[in-house]
Amino acid sequence: MSLNFYRRVAFGLSPNEKPYKDPLNWAINQLDRIPDLLWPGTIPTEKDLRKKYGEWVYGDREVLRKKFKNDKHAYRKAKDELRIKTGERYFELNEHAIRHFQTKYSKQPVFERFWLFWGNHFAISEKDFLAEFSTGPYQREIIRPNMVKTFEEMVQSVTTSWCMIHHLDNSESFGPNSKKGMEWGETINENHARELLELHTVSPNAGYTQEDVIQLAYIMTGWAHKWDRKNLETGDIWFDQEMHQKGDKIVLGVKYKNDAKRELAKVIHDLATHPICIKFVSTKLCRHFITDEPTEEMIDPVIEAWNKSNGSLIEIHKAVITQAYKYNEITHKFHPPEIWLMQLSRMFDLNIPLSFEKMNYTFKSKPNNRQRQLSWILREIGHSPYRAKQPNGWSDLEVDWVSPELLLRRFWFASVELPMLVKSGNRSHGFILSCLKNNFEDHKNMASLIDNFRFGTSDYDLGQKYGVICNLPGVLKI
Amino acid sequence: MNCTRRNFLIGGSTTLFFSGYFPKISFASMQKKNLIIISLRGGMDGLTAVPVIGDKRLKKLRKKLILEDVLNLNSDFGLHPKLEIFHKLWQKNQAAFVHATNIPYTGRSHFDGQNLMETGAHIPYKEKTGWLGRGLLASNIIGKGLAISLPMPLLLRGVPQNNNFFPSPDFVETKLIDQIYNEFKGEHNELIKSTLDTIRQRPLSMQIATDSDDRKKLALEAAKQLKDQSGPRVAVFDLDGFDTHAAQGGVDGAHADELEEVNKIVTILHENLGQAFDNTLILTLTEFGRTIKQNGGYGTEHGYGSAILMAGGLLKKSQVYTDWPGLKKKELFEGRDLNSTIDSRAVYNSAMSVCFNQDPEFLRKEVFWGDELPDLSQDLFKI
């Protein structure tokens, strides 16, 4: 088995790992339990961060905007101070550190790859202040614990999470015949219902109609954040009967009797176990781990495992890995920038992320450049993980990641920034050679490309070396 | 003649070539026409950019957002004072506006709206290509799109070999690019190979590191490329920040700051395109306009109808082209937004037909699925 399998399903091998005797078992054995988060620094809870979110929006919207309505300069200044006080500029940086620390050091890196996958399948795109306060904890507290449960359970948790409900506006969706809908003349917001069908479960392949979307939106009415004057939209999610559309609903030909909050679990059960959903999500998994256009042959065993285990994610993940192993030698996959960065960080033991002591934040001034570095790099290479542009998340297709500037950014990172992230003990040529040997069959050929710089240890010399080896065909694409 | 990376590197022989006999070709008959789109993300407020004059209702609903020192356009409309270049060009018949227009989207979601303004479709996320990319492909204009952004914008997708310009924070050595290119030579990786080809053929000026946040430098480079007869024919700029829920202000608020950015880009393009400006059309694109009424934070909410700002020598004349729907409550869309009486896609379709020398009927079918889009070329553009 080629060494690239460790990059196909994980992040490559770190300098203190050696290739495993049985790579398939090594990978499969990582999926049964949830590894602890390793970040030694602060890991705030979703609830804590939602409170900060509340302080920020309340402070800005209800206080500052009114106080400084005629003075945009004073308004901006006060707003910047509030940013510092509430950590509006800090928490996302901390979340990136938690995430990258995990993919770098986890003893279950294959599990972590699935974590990234599901976080992007149920993506939270850039909206309001979700990336600042909520998307990170959502990945940790909603996505992660469900990865050893069933797909259906994952969909249930995601759909009723504060983050997804806010992201897709379900709090603004009123049943037109509900008490509040009638009183206030409000109606549904279809956004969440449409994405639950289109992106999260059955996909447009299921051939649902606009009427199906409306009916599902009816079922979902009432699942909203509890609004109050102080917390605004950051209150907990509850089911508000007074917003809920009364009467029976029909989605994809199935009738759901008028049953208040219980309707949602029933429809999610049907959607998450729908054969078209199973095929759609299995295809996406194969696309991520095998190749952009996976064949039915590749996908079918995953579907089979899904059916056999009633949607157990552990079993599904194992089937995906088995297929990735089977097709490792004959398929290719181009990795998006963040995964590429994580692989470089693990293979070459880069100084990413910053140490937790230095990530410590005092809420007294703006985060410093060092604290912002990882997030800045992610942005510059075009892949800020919690800021997907659309609810369908970051693309998993090569064509979306290859533009002249996006490739140049990788060349730039590897040749200019990366040398500054090499640890002082790792600057020798021998270190690079041993990392290459650990991760690439054609390490000798790779070594020959950088041989001219074998005596150099300056940032410039390292840039010459890493610039090339990180962007070779077999590194950009396995 | 533009100095590309290749002929820069083979400088010696280039000099030789220049000193030799150079055949005289007249370009006049085949002048290249440029189409530049500036995306204004967040919802540009047409009533702030091109305010209607003397409307009592607007004055009442927008007490804190009313502009003083509006630049005069005609008896009905004025222009935001930060849009100076448009006012200057207006005098020369090189600026015009389409008002009360929008894509056919009323959902008020930024993401759906921006997706639709780029795909030109009716259902968000359904189409994977942009109307501009499809227009270029239908017109068989390949490799002539230039995006001033990091990823390839959806708007330009659908046609191969587009270039983009959004330089990294530091210089990437030619040597490194060449070395990587060599390693890809034997590979069956057509997409990366052709992208590396595009990178290597880029003019040297596009390789120089600059601050991508500096829109001035980006616009300067775009103008330089567009001016080149063999350079790109289409450029796409991306601006955001038009979502002014608070402190929108009038002459000097948050919306004004964004309009100033548009003004800056157009000014630079105008100054640096030189003669080529006569063969250029610049059009703005946004997902929706904003509510008539100011909100509690002296900003505005997501609305519907907006305006298209236009500049360039290919405009027919200075005018505010509109079928004005009025601002009385019952004339507003859902009682709150300026209505849209012109499908903005008709404007873009007509602009493409002019710049790509194509039959608008043909483009309408190829690009917009045959949707009912009247040909406005005669009214708006020089043909």
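Tabulated data
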| quantity | calculated |
| --- | --- |
| Selected residue (only one of B:THR106, B:THR101 is in contact (Cβ under 8 Å) with a residue 12 or more places away in the chain, of a type in the set (S, T, N, Q) and out of contact with any Phe, Trp or Tyr (no Cβ under 6 Å at 6 or more places or on another chain)) | B:THR101 |
| Selected residue (only one of B:ASP252, B:ASP257, B:ASP278 is surrounded by fewer than 19 Cβ atoms within 10 Å (Cβ to Cβ) and at pLDDT 95 or above) | B:ASP278 |
| The range A:434-450: number of residues that are crowded, with 18+ Cβ neighbours inside 10 Å and either in a helix (DSSP H, G or I) or of a type in the set (Phe, Trp, Tyr) (or both) | 8 |
| Test for B:LEU314: is it surrounded by fewer than 22 Cβ atoms within 10 Å (Cβ to Cβ), among the hydrophobic types (A, V, I, L, M, F, W, C) and touching a Lys or Arg at 6+ places or on another chain (Cβ under 7 Å) | no |
| Options B:ALA138, B:ALA121, B:ALA219: the member that is under 30 Å from A:ALA193 (Cα atoms) and away from every other protein chain (no Cβ under 12 Å) | B:ALA121 |
| Test: A:LYS423 is without any contact (Cβ under 8 Å) to a residue 24 or more places away in the chain, under 31 Å from the mean Cα position of the chain (by Cα) and away from chain B (no Cβ under 13 Å) | no |
| Flag for A:PHE453 being more than 9 Å from chain B (Cβ to nearest Cβ), more than 30 Å from B:LYS126 (Cα to Cα), modelled with pLDDT under 95 and buried (at least 17 other Cβ atoms within 10 Å of the Cβ) | yes |
| Those helices (runs of 4 or more DSSP H) lying entirely in the range A:43-138 with at least 3 residues of a type in the set (A, V, I, L, M, F, W, C), surrounded by fewer than 19 Cβ atoms within 10 Å (Cβ to Cβ) and more than 18 Å from the chain's Cα centre (by Cα) | A:72-86 |
| Test for B:GLY299: is it away from every other protein chain (no Cβ under 14 Å), crowded, with 21+ Cβ neighbours inside 10 Å and touching a residue at least 40 places away in the same chain (Cβ under 8 Å) | no |
| Matching helices (runs of 4 or more DSSP H) fully within the range B:23-135 where at least 1 residues are touching a strand residue (DSSP E or B) at 6+ places or on another chain (Cβ under 7 Å) and crowded, with 24+ Cβ neighbours inside 10 Å | B:46-49, B:84-90, B:110-119 |
| Search result, residues across the range B:260-275 that are at pLDDT 95 or above and acidic (Asp, Glu) | B:GLU271 |
| Conditions (1) under 28 Å from A:ILE290 (Cα atoms); (2) assigned to a helix (DSSP H, G or I); (3) within 10 Å of another protein chain (Cβ to nearest Cβ); (4) not β-branched (Val, Ile, Thr); number of the one not met by A:PRO391 | (2) |
| Test: residue in the range B:216-229 that is assigned by TED's automatic domain parsing to the domain that holds B:MET44, closer than 17 Å to B:GLY42 by Cβ and either assigned to a loop (DSSP other than H, G, I, E, B) or out of contact with any strand residue (DSSP E or B) (no Cβ under 6 Å at 6 or more places or on another chain) (or both) | no |
| Long-range neighbours under 7 Å by Cβ, at least six apart or interchain, first residue farther than 16 Å from B:LEU285 by Cα and more than 9 Å from every other protein chain (Cβ to nearest Cβ) within the range B:146-168, second part of a loop (DSSP other than H, G, I, E, B) and aliphatic (A, V, I, L, M) | B:VAL159/B:ILE142; B:PRO160/B:ILE142; B:GLN161/B:ILE142 |
| Selection within the range B:281-296 - over 19 Å from B:MET352 (Cβ atoms) and either aromatic (Phe, Trp, Tyr) or buried (at least 20 other Cβ atoms within 10 Å of the Cβ) (or both) | B:GLU287, B:PHE288, B:GLY289, B:ARG290, B:THR291, B:ILE292 |
| First in the range A:56-77 and within 8 Å of another protein chain (Cβ to nearest Cβ), second anywhere and at pLDDT 85 or above and assigned to a loop (DSSP other than H, G, I, E, B), Cβ under 6 Å, 6 or more apart | A:TYR75/A:PHE68 |
| Selection count, the range B:364-383, where residues are assigned to a strand (DSSP E or B) and acidic (Asp, Glu) | 0 |
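Condition check ((1) without any contact (Cβ under 8 Å) to a residue 40 or more places away in the chain; (2) more than 14 Å from every other protein chain (Cβ to nearest Cβ); (3) not in a loop (DSSP other than H, G, I, E, B)) across all residues:
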| site | (1), (2), (3) |
| --- | --- |
| A:SER345 | no, yes, yes |
| A:GLU357 | no, yes, yes |
| A:SER365 | no, yes, no |
| A:ARG370 | yes, yes, yes |
| A:ILE377 | no, no, yes |
| A:SER395 | no, no, no |
| A:ALA414 | no, no, yes |
| A:PRO419 | no, no, yes |
| A:PHE431 | no, yes, yes |
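The values are calculated or read from the model by the stated rules, or taken from the named source; none is laboratory data. A quick note: this is a predicted structure, and the numbers were derived from the prediction, not measured. All Cβ positions, glycine included, derive from the backbone under ideal geometry; neighbour counts span all protein chains shown.
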